[in-house]
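The values are calculated or read from the model by the stated rules, or taken from the named source; none is laboratory data. If you're wondering where the values come from, they're calculated on a predicted model, not measured in any experiment. Neighbour counts run over all protein chains shown; Cβ positions are idealised from the backbone, glycine included.
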Amino acid sequence: MQDPILRLESSHVDVVIKTRPFAEIIYWGPHLQYFSPHDAHTLSRPVANGRLDVDSPVTLMAELGHGLFGSPGIEGHRQGLDGSPVFTTTHVQQRQDTLTITAEDAHAGLRLTSELALDASGVVVIRHGLTNLKAQAWQVDRFAVTLPVAERAREVMAFHGRWIREFQPHRVKLEHDAFVIENRRGRTSHEHFPALIAGTSSFSEMHGDVWGVHLGWSGNHRLRAEAKTDGRRYLQAEALYLPGEMALEEGETLWTPRLYASYSAQGLNGMSQQFHRYLRDNIIRFPENKPRPVHLNTWEGIYFNHDPDYIMRMADEAAALGVERFIIDDGWFKGRNDDRRALGDWYLDEEKYPHGLTPVINHVKQLGMEFGIWLEPEMINPDSDLYRAHPDWVLALPGYTQATGRHQLVLNLNIPQVFNYLVERMSWLLGEHAIDYVKWDMNRELVQPGHRGKAAADAQTHRFYRLLDVLGERFPHIEFESCSSGGGRIDYDVLTRSHRFWASDNNDALERSTIQRGMSYFFPPEVMGAHIGHHKCHATFRQHSIEFRGLTALFGHMGLELDPLTVDKHEREGYRRYTALHKQWREVIHHGTQWRVEMPDASTQVLGMVSEDKKQGLFIVSQLAMADYTLMMPLRMPGLEAGAQYHISLLDHPNIRLTGEGGHTMRTLPAWMETPQTASGEWLMQAGVALPILDPETAILIGVERV
Ligand code: GLA
C-alpha cells in the first residue's frame, strides 16, 4: 500500500499530508530539502488528560465527529439524520503537483473528493467536492475548506472596507477563540474581502512567517481564523449558504470554491509575490498579449450627458493625450438619463445617438484607439420597459416588497428567459458593434434573493459566471472589466473570466494610495484599474495636484476618468506626461516584482516594482500626511541585484522648490538629486538613498537602471 504520508513540493513551499485513515494536512511551510515521510511521525501528539481518550486530528474536512469541537468543515443533514459525517479515505491519487483524495462515510451516504494542488509559484489551491450517495436529499448548511497553520501564527490580518474605501487592512490577535468574516451581500463585497492572513507576531512586509488565504468566489462567504483551546490553529473558508439554499439530490456533487493559499517565510511581500506569480501563470489571460492600453473612461467627465459630437471631441483630445482605449460609460441606452431608470432596456438611446453608436466607434478607431462600453446586465430598474413587461423576472421572494438599491432590483438569472434575453441583448450590442472592451458593472447587493420561493444567492452567482462565460466564449476578443460600484466584485474566480478590476469609485489620490496598497496584497498592478480623476475629486471633494494624481495612477492599469476638454493647459499637459511615463515603464509595472517598502514614518508609503531581470526598478514615495520627523529616512530599495551598479534618477516630483527663508521645508536637496549618482544594488538595498523632504499629499518617483 502507498505510504500514507505524501508531500506536495515546490522550490520554496511544501505541504505534507497524512492521507490515511483520515486525510490531514500536517505541514504547510518552507520547502524541506531532506524530507522523508518517516519524519512525520515525530508530530504524533500526546493525548491530554481531561478530554477525549484519543487524539483528535484537524482533518481535511474538520469533522466534528473526530472530537474537533471547533468550527467543523461540514454541517448538514437528511431531515435530521446523517448529520455528523466522518470520512475515511478510500482512494488517493498523486499526479505531479496535484493530490486527489477520495473519502467516504457509508453511514451518512456521503463521498468527499478533495483536490490539493501546489503550483510552482508556491501557491496551494484546495477545493472539496461533496456527493450525496443516498436517495433522499442531503441538506448542506456549511461546506468549507479548512487549512491548519503552524502554532506560531499569533496574529491575523484582514481587510475591511466600504464603498469608496476598499481594502483597508486591520489586525487582530489570534490567541483564543475565533475571528470571523461573514459576507451576505451577494457579491464579493467592498466590506469583507474574502481573505485572511495569519502570521507570526508582528509579521511585516519583509519579515515573519505568513500564511495567507483567499477564497475565489464572488458571492456570500464566511472566513474564520481559529485558535483551538489546545493551541492548534486553522483557517477556514466557505461559500455561505442562506437557510435552505443548498441541498444535494442523489448523485449530485457540490464543490466548494477554490481556496488559494500562499505561505512565505519572508513576510507579506513574499506572500504577495507568490500570489501575483500564480495569477500571472494560471489565471490572468488577456485575449491578446499586448501592453495594457491606457484608458479614458467618460463617467466622471460627462455622466449621463451623452452627445455623440461632444464625445467624439473628447475622443480627439484623448487620442492627442496618448490614450489607447476610449470607454463610454453609463447613459448610452434607451431612456437612461439618470440612475433612476432604464436598466434592463438594452437598446440604444436613439434620441442621444440618432445615427447609432457606429459613427462614434468608427471615430474612436480612426484615432487609433480601442472602443469600450459600460453594461450592468444583472440589474433592472422598476422604471423600465423590461420591468413593466416582466415584473416577475426579479430575483426576489414572493409576498415581500424588496428594498431597491440605487433605485434598482436584480434580475433572476436562474429564469432561462431572463438569461436568454440578456445573452440576446448583449450579443446584439457586442456582435453588431466593433467593441473591444466591456466595463461590466453590478451596483447593488442581493436582498432576499429568491428563485421559486427558495434562497438563490449561490445559484445567482453561478448564473452570473455562466453569463459572462457564454459572452466570453462568443466574443473571445473582448476584454471584460469587473466593476461593482468600484471594488465590490474583486476576487480570483471572477478574474478567471475578466481582465481588469475597477478598484474603487474613489479617484482621490490620497485614498487611492491605501486602497491600491490593500489590493496589492492579492493582485498585481496590471489588473488594477487606476485612473487620474478630476482635480477636485468627485468622491471626497479633496483637491490634489496633477503630479500626485498622476503618480498614484501610474502603478496600475492606468487611465483617465474625466473630461479632458474642460481643464486647463497645465492639467492636460499632466495627463500627457503621466500617460507617457506610464507607457515608458508599464513593462516593468505590469510584469515586474512588487515590493511594499516599510518606512520608519508611517505617513510615508513606498511601493516599488523591479523588473524580472532586475535591470530596472521604479519606486513611488507617497507622503500621505505631514511627516513625523524633520528628515525623511533613506529609502532602502529591495529586490535589486546586489553585485550590480545602478544609476539613480528622479523621474518625477511635485515641483520640489527650495524656498530658502520662505518658510518651506527644505534648503538643499539630497546630493544625488543634483549630481548624477550610481551605487551598488547591495548598497541601495541595505543603506538606501536619502529622500527629499516631501509635503503632505505629494509623491515622487525614483528610477534605478543597471549601468
Ligand atoms: C458604478 C461604477 C462607476 C460608474 C457608474 C455608472 O458606480 O462603479 O464607475 O460606471 O456605476 O452608473
Just to check your reading of the model, which residue among ARG340, ARG325 is at pLDDT 95 or above, surrounded by fewer than 22 Cβ atoms within 10 Å (Cβ to Cβ) and more than 13 Å from the ligand (Cβ to nearest atom)? ARG325
Expected single match for of a type in the set (Val, Ile, Thr) and exposed (fewer than 13 other Cβ atoms within 10 Å of the Cβ) among THR19, THR59, THR89, THR42 is THR42
Given the condition of a type in the set (Asp, Glu), buried (at least 16 other Cβ atoms within 10 Å of the Cβ), over 25 Å from the mean Cα position of the chain (by Cα) and in a strand (DSSP E or B), answer yes or no: does some residue in segment 174-181 qualify? no
Residue that is surrounded by the most Cβ atoms within 10 Å (Cβ to Cβ), among those in segment 343-391 that are assigned to a loop (DSSP other than H, G, I, E, B), within 16 Å of the ligand (Cβ to nearest atom) and among the small types (Gly, Ala, Ser): GLY344
Meets criteria (out of contact with any Leu (no Cβ under 7 Å at 6 or more places or on another chain), within 16 Å of the ligand (Cβ to nearest atom) and either within 24 Å of ASP330 (Cβ to Cβ) or in contact (Cβ under 8 Å) with a residue 12 or more places away in the chain (or both)) for GLY550: no
Condition check: touching a strand residue (DSSP E or B) at 6+ places or on another chain (Cβ under 6 Å) and either more than 21 Å from TRP28 (Cβ to Cβ) or modelled with pLDDT under 95 (or both). Does ARG111 satisfy that? yes
Identify, please: which residue in segment 285-313 is more than 16 Å from the ligand (Cβ to nearest atom) and surrounded by 20 or more Cβ atoms within 10 Å (Cβ to Cβ) and is, among those, nearest to GLY559 (Cα to Cα)? VAL294
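Residues checked against (1) assigned to a helix (DSSP H, G or I); (2) touching a helix residue (DSSP H, G or I) at 6+ places or on another chain (Cβ under 6 Å); (3) away from the ligand (no atom under 16 Å from the Cβ):
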site	(1), (2), (3)
LEU468	yes, no, yes
GLU473	yes, no, yes
HIS477	no, no, yes
ILE490	no, no, no
SER498	no, no, no
SER504	no, yes, no
LEU510	yes, no, yes
ARG517	yes, no, yes
PHE523	no, no, yes
Selection count, segment 412-428, where residues are more than 25 Å from the chain's Cα centre (by Cα) and either within 16 Å of the ligand (Cβ to nearest atom) or buried (at least 21 other Cβ atoms within 10 Å of the Cβ) (or both): 4
Given the structure, is VAL438 under 30 Å from ILE361 (Cα atoms), in contact with a Leu (Cβ under 9 Å, 6 or more places away or on another chain), more than 16 Å from the ligand (Cβ to nearest atom) and outside any loop (DSSP other than H, G, I, E, B)? no
Spot the failing condition for ALA320; the list is (1) buried (at least 21 other Cβ atoms within 10 Å of the Cβ); (2) part of a helix (DSSP H, G or I); (3) away from the ligand (no atom under 16 Å from the Cβ); (4) of a type in the set (A, V, I, L, M), and only one is missed. (1)
